[in-house]
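The next block holds one structure in the form of structure tokens; read it before the comments.
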Ligand SMILES: [Ca+2]
Ligand SMILES: [Ca+2]
């Protein structure tokens, strides 16, 4: 799955389309929540053995309703996510233009808009979603 496909599924970041990947919960507050995804082996802070209570492999595609800015899909936005986004800042394309590098708005690049989303959601003490 790539960012362009996720973007085409999400109905323009409203997460309330009629098919594909949607989230009625994210749709109620698109400034704070979204649906993130990553191939498990590509998560910058390390891969998961289990995700959402399910055993996952290194090539499992993980999809999660979460906070904007949660690059590593652990449900909170903290320094790990800031480090990931910062490392990819200014980059894009098929490699870096993905949620797990910080492309929160699925426009294909990691830029100031994405950094703003992360900063707005930054709260290491938040309850994980
Ligand atoms: Ca996180
Ligand atoms: Ca972006």
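Laboratory data are not the source of any read-out in this text; all were calculated from the coordinates shown. Quick caveat: nothing in here was measured; it's all calculated off a predicted structure. So basically every Cβ, Gly included, is an ideal-geometry build from the backbone, and we count neighbours across all protein chains shown.
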Quick check: is even one residue across the stretch 66-88 away from ligand 2 (no atom under 14 Å from the Cβ), surrounded by 15 or more Cβ atoms within 10 Å (Cβ to Cβ) and farther than 21 Å from residue 121 by Cβ?
-> no
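Collect the residues in the stretch 89-98 that are in contact with a helix residue (DSSP H, G or I) (Cβ under 6 Å, 6 or more places away or on another chain) and either on the phi > 0 side of the Ramachandran plot or surrounded by fewer than 19 Cβ atoms within 10 Å (Cβ to Cβ) (or both), keeping them in residue-number order.
The first filter runs over the stretch 89-98 and keeps only residues in contact with a helix residue (DSSP H, G or I) (Cβ under 6 Å, 6 or more places away or on another chain), leaving 96-98.
Scanning the stretch 89-98 gives no hits.
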Output the number of residues of the stretch 19-43 satisfying the condition of being surrounded by 11 or more Cβ atoms within 10 Å (Cβ to Cβ) and within 16 Å of ligand 2 (Cβ to nearest atom).
-> 6
